[in-house]
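Beneath this line is the structure, given in structure tokens, with notes to follow.
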Ligand SMILES: NC(=O)c1ccc[n+]([C@@H]2O[C@H](COP(=O)([O-])OP(=O)(O)OC[C@H]3O[C@@H](n4cnc5c(N)ncnc54)[C@H](O)[C@@H]3O)[C@@H](O)[C@H]2O)c1
């Protein structure tokens, strides 16, 4: 697909979910990689993950901004607040918007559906409406591998049908893609959705397996291994995700008219995943080794005594496996950091941060 080049220098860029795992890393990367840009980070600091960790991430961004010619400003606010979103777009006239704010998590959506509708549906709708009234060069937004549901055909390709979500979270992410398509078509808004595959790394999300398992093991608790360990995940290290997002930000789907004289929607969706699914038990073995190596757990830790094999959870899927060839074709990039390197960096960060 043809792309319109988007220069990230001297631009005003909105990142929603800027205190989150991916958003904070993106903000730091943009401070490094851009000149003269104004980066506005919006986040309402939900307590789904520890607020202290979000505040720590914001401090890291603040530190980074001291050595950048670009600036970062944090705004605490809720994306579902339409007046706030419109006032920000009116004030800053964003050139590029990266929507990462969301209520994440598959399991949490079983018991807390309201928050998914609030942030992922109303919040995202507000962003689209604002992009309609204050046109942007490129809207990039987070989708998820969860849209593939229980698809059996692997690797997952964006050409596959994804009409059978198995969680409300997945349904909201698929809805985001549908909403974006309609807005791209109706209002010629260049938009790119990115289906992220299990992103992990230092200062990541505490609800994700590698992080919650580390906490549990340290406390001497027992970790639950779902589907009796019979699942595999396409883990993607945070730096690879950020590299992918930054590249995608710089290439917006081209605006063109069709034979009917009306715009062809400048719309695209990509997978961004490691492309080498790891069996969960192998992943856990690597995690254990790296936790011992970093000194988070003692060498004689009895891992077998702290593991329980349990059945699959509602909303979970047995396998995720990304076909990221379209991303590689259009943006010349595919994730490359393996789990040993990635988990080593996580374990070392964890040791420094908590111990
Ligand atoms: N991390 C992953 O493995 C993964 C995988 C697939 C998709 N995603 C998607 O990528 C995006 C970023 O994920 P993450 O891992 O950084 O999650 P995260 O939870 O760390 O970050 C999301 C941030 O959004 C904020 N937020 C939530 N609702 C908001 C609202 N209404 N208004 C303003 N801020 C709000 C939260 O406070 C949080 O800091 C999300 O859209 C997520 O669904 C993540």
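One line per residue, one yes/no per condition, for (1) farther than 21 Å from residue 145 by Cα; (2) at pLDDT below 95; (3) surrounded by 22 or more Cβ atoms within 10 Å (Cβ to Cβ):
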position: 194; (1), (2), (3): no, no, yes
position: 197; (1), (2), (3): no, no, yes
position: 200; (1), (2), (3): no, no, yes
position: 217; (1), (2), (3): yes, no, no
position: 221; (1), (2), (3): yes, no, no
position: 227; (1), (2), (3): no, yes, no
position: 231; (1), (2), (3): no, yes, no
position: 236; (1), (2), (3): no, no, yes
position: 251; (1), (2), (3): yes, no, no
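Is it true that residue 105 is at pLDDT below 95 and within 9 Å of the ligand (Cβ to nearest atom)?
yes
Please go through segment 295-342 and pick out each residue that is under 14 Å from residue 223 (Cβ atoms) and not in a loop (DSSP other than H, G, I, E, B).
303, 304, 305, 306, 307, 308, 309
If I go through segment 89-102 residue by residue, how many of them are within 12 Å of the ligand (Cβ to nearest atom) and more than 23 Å from residue 197 (Cβ to Cβ)?
Adding up the residues that qualify gives 0.
When you scan segment 124-138, how many residues do you find that are in contact (Cβ under 8 Å) with a residue 60 or more places away in the chain and within 13 Å of the ligand (Cβ to nearest atom)?
Qualifying residue count for the region: 1.
Can you pull out every residue in segment 29-77 that is in contact (Cβ under 8 Å) with a residue 24 or more places away in the chain, closer than 25 Å to residue 354 by Cα and more than 14 Å from the ligand (Cβ to nearest atom)?
Once the filter is applied, which keeps residues that are in contact (Cβ under 8 Å) with a residue 24 or more places away in the chain, closer than 25 Å to residue 354 by Cα and more than 14 Å from the ligand (Cβ to nearest atom), segment 29-77 yields 64, 65.
Among the candidates 188, 215, which residue alone is farther than 23 Å from residue 273 by Cβ and touching a strand residue (DSSP E or B) at 6+ places or on another chain (Cβ under 7 Å)?
On inspection, the qualifying residue turns out to be 188.
Kindly indicate which of 297, 281, 309, 291 is surrounded by 15 or more Cβ atoms within 10 Å (Cβ to Cβ) and within 30 Å of residue 111 (Cα to Cα).
281
If only one of 127, 121 is buried (at least 23 other Cβ atoms within 10 Å of the Cβ) and either under 27 Å from residue 18 (Cα atoms) or at pLDDT 95 or above (or both), which one is it?
After ruling out the rest, the residue left standing is 127.
Against the conditions (1) surrounded by fewer than 21 Cβ atoms within 10 Å (Cβ to Cβ); (2) within 13 Å of the ligand (Cβ to nearest atom), where does residue 185 fall short? Just the number, please.
Condition not satisfied by residue 185: (2).
Residue by residue through segment 253-298, note down the ones that are more than 30 Å from residue 230 (Cβ to Cβ) and out of contact with any helix residue (DSSP H, G or I) (no Cβ under 9 Å at 6 or more places or on another chain).
Passing the criteria: 254, 255, 256, 257, 258, 259, 260, 261.
The values are calculated or read from the model by the stated rules, or taken from the named source; none is laboratory data. Bear in mind that the values here come from a model prediction, so they are computed numbers and not experimental data. In this analysis, Cβ positions are derived from the backbone assuming ideal geometry, glycine residues included, and neighbour counts consider all displayed protein chains.
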